[in-house]
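S.K.: Structure provided below as structure tokens; questions to follow.
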Amino acid sequence: MASALKTDVRNKVKKYIDTADDTTVKMIYAMLKVQKTQALAVDKFEIDEIDRRIEEYEQGKVIPVTFEQIEQNILNRFEQSKQSSK
């Protein structure tokens, strides 16, 4: 369903671009160019961050935890917070 919606929107945009004036087309182009540049920067940042975390794990600097451990830690802190505020 979502991809059909994307295709429909893309087709509508393409149709409007063909009939739009030059100023509008330049604005759309500028927005798309900025979005693409930002997406590439985020991708590089994410890749660098993943690489850094893998390296820390391989060096033994980070101890992996399960979701259940994280959840329990949050619940414990919440309970401690409730008790300390009494």
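Taken together, the values in this text are just the output of simple stated rules run on the coordinates, not laboratory data. Nothing here was measured: the structure is a model prediction, and the numbers come from that model. Don't worry about glycine lacking a Cβ; one is built from the backbone with ideal geometry, like all the others, and counts go over all protein chains shown.
S.K.: If you go through the stretch 35-56 one residue at a time, do you hit one that is surrounded by 10 or more Cβ atoms within 10 Å (Cβ to Cβ) and more than 24 Å from the chain's Cα centre (by Cα)?
M.R.: Taking every residue of the stretch 35-56 in turn, none turns out to be surrounded by 10 or more Cβ atoms within 10 Å (Cβ to Cβ) and more than 24 Å from the chain's Cα centre (by Cα).
S.K.: Anything in the stretch 1-55 that is not in a helix (DSSP H, G or I) and not aliphatic (A, V, I, L, M)? List them, or say none.
M.R.: Residue satisfying the conditions is Asp21 alone.
S.K.: Can I ask one more? Please indicate, with yes or no, whether at least one residue in the stretch 57-65 is loosely packed, with under 10 Cβ neighbours inside 10 Å and acidic (Asp, Glu).
M.R.: Yes, the stretch 57-65 has at least one match.
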